[in-house]
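Heads up: the structure comes next, in structure tokens.
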Amino acid sequence: MSPRKARPAKTRAADPHTVDAPWRVFLAAPMPSEARDAAARVVDDLRPLDWPVRWTSQENLHLTLHFLGEQPRERVELLRMGLPPVVAAHDAFTLRTGNLGVFPTIKRPRVLWLGLHGPAYRLEALYAALGAALRELDFAVETEAFHPHVTLGRVRNQGTPTVALRDLPDVMKRRLADPANGVMAGPPAVSIPVDQVQLIRSHQSHEGSRYEVIAAFPLARPEGAG
């Protein structure tokens, strides 16, 4: 009889509540309550349609700049110490909410988002400066092009009793897009002051994500600002 092969040792996922567990973190600009209310109204209008979409809760709406994934706590502390001067080198500015959109395309929807209008070059400059600082600190940075947006919902991997995944593109298009030009109009524009960048920890559970602000890095006040 041939010897029995040894079974590979089971590995257990790290308990997020232990002292040495990594933290899931990202950098984002917060949204004022008026802008979150406007985005939440869009979600509230769509939620009863039973689309196969995991909707973002109102308190979790934000403008993501860099997602950093799971990091040891000492690396998170490195961010807390190293990023304030990077952010402070940029003047605060104001964006406003725009139209709706879908990533990557309406034919293959994965993310439904709310767009942003205004001085996009300032946001892109802030994003680039943060990316350069993160690389200096040896953090991995996304290589995809930066498209400023607020995520309203992410498409699930399975359909619902009402809407099959294969039907979702057409359902979205009929509900959201103007038949004449295909534009997905958003809610009435609301201002979003970008005056700080937050370092946020994401707590994952069966109930969804809960966000905790670890640190806030203010942008500079423009000259002449009151």
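Pairing residues of region 65-90 that are within 16 Å of ARG201 (Cα to Cα) with residues that are of a type in the set (Ser, Thr, Tyr), at Cβ distances under 7 Å and at least 6 apart in sequence or on separate chains, gives LEU65/TYR127.
When the test is whether a residue is surrounded by fewer than 20 Cβ atoms within 10 Å (Cβ to Cβ), in contact (Cβ under 8 Å) with a residue 12 or more places away in the chain, in contact with a helix residue (DSSP H, G or I) (Cβ under 9 Å, 6 or more places away or on another chain) and of a type in the set (A, V, I, L, M), LEU46 passes it.
Which number in (1) in contact with a Phe, Trp or Tyr (Cβ under 6 Å, 6 or more places away or on another chain); (2) modelled with pLDDT under 95 marks the one condition that VAL194 misses? Failing condition for VAL194: (2).
Looking at the structure I just gave you, is ASP167 of a type outside the set (Val, Ile, Thr), at pLDDT 95 or above and within 21 Å of the chain's Cα centre (by Cα)?
On the way: of a type outside the set (Val, Ile, Thr): yes; at pLDDT 95 or above: yes; within 21 Å of the chain's Cα centre (by Cα): no.
No, not satisfied.
Answer with yes or no whether THR94 is hydroxyl-bearing (Ser, Thr, Tyr), assigned to a strand (DSSP E or B) and closer than 29 Å to VAL76 by Cα. Yes.
Just one of the numbered conditions (1) in contact with a Gly (Cβ under 8 Å, 6 or more places away or on another chain); (2) of a type outside the set (S, T, N, Q); (3) under 16 Å from LEU46 (Cα atoms) is not true of HIS117: (3).
From the residues in region 216-226 that are surrounded by fewer than 16 Cβ atoms within 10 Å (Cβ to Cβ) and modelled with pLDDT of 90 or more, which one is farthest from VAL86 (Cα to Cα)?
Let us first name the residues in region 216-226 that are surrounded by fewer than 16 Cβ atoms within 10 Å (Cβ to Cβ), namely 216, 218, 220-226.
Still in the running and modelled with pLDDT of 90 or more: 216, 218, 220-221.
Working: ALA216: 12, PRO218: 10, ALA220: 10, ARG221: 14 Å.
Looking at the filtered set, the residue picked out is ARG221.
Looking across region 100-129, just one residue is in contact with a helix residue (DSSP H, G or I) (Cβ under 6 Å, 6 or more places away or on another chain) and under 22 Å from GLY82 (Cα atoms), and that is ALA129.
With respect to LEU95, is the statement that it is in contact with a Lys or Arg (Cβ under 9 Å, 6 or more places away or on another chain) and either crowded, with 18+ Cβ neighbours inside 10 Å or not aromatic (Phe, Trp, Tyr) (or both) true? Taking the combined requirement at face value, the residue satisfies it.
Can you tell me how many residues within region 34-85 are of a type in the set (A, V, I, L, M, F, W, C), more than 16 Å from GLY208 (Cβ to Cβ) and in a helix (DSSP H, G or I)? Write out each step before concluding.
Taking region 34-85 as the starting set, the residues that turn out to be of a type in the set (A, V, I, L, M, F, W, C) are 35, 38-40, 42-43, 46, 49, 51, 53, 55, 61, 63, 65, 67-68, 76, 78-79, 81, 83.
Checking which are more than 16 Å from GLY208 (Cβ to Cβ) leaves us with 35, 38-39, 42, 46, 49, 51, 63, 65, 67-68, 76, 78-79, 81, 83.
Still in the list and also in a helix (DSSP H, G or I): 35, 38-39, 42, 46, 49, 76, 78-79, 81.
Result for region 34-85: 10.
TYR121 passes every criterion in (1) free of Cβ contacts under 8 Å to residues at least 40 places away in the same chain; (2) aromatic (Phe, Trp, Tyr); (3) surrounded by fewer than 19 Cβ atoms within 10 Å (Cβ to Cβ); (4) outside any helix (DSSP H, G or I) apart from (4).
Against the list (1) more than 15 Å from the chain's Cα centre (by Cα); (2) exposed (fewer than 14 other Cβ atoms within 10 Å of the Cβ), the condition HIS90 fails is (2).
All of (1) closer than 23 Å to ASP138 by Cα; (2) at pLDDT 95 or above; (3) in contact with a Lys or Arg (Cβ under 7 Å, 6 or more places away or on another chain) hold for PRO52 with one exception: (1).
The values are calculated or read from the model by the stated rules, or taken from the named source; none is laboratory data. If you're wondering where the values come from, they're calculated on a predicted model, not measured in any experiment. Every residue, glycine among them, receives a Cβ derived from its backbone with ideal geometry; neighbour counts consider all protein chains shown.
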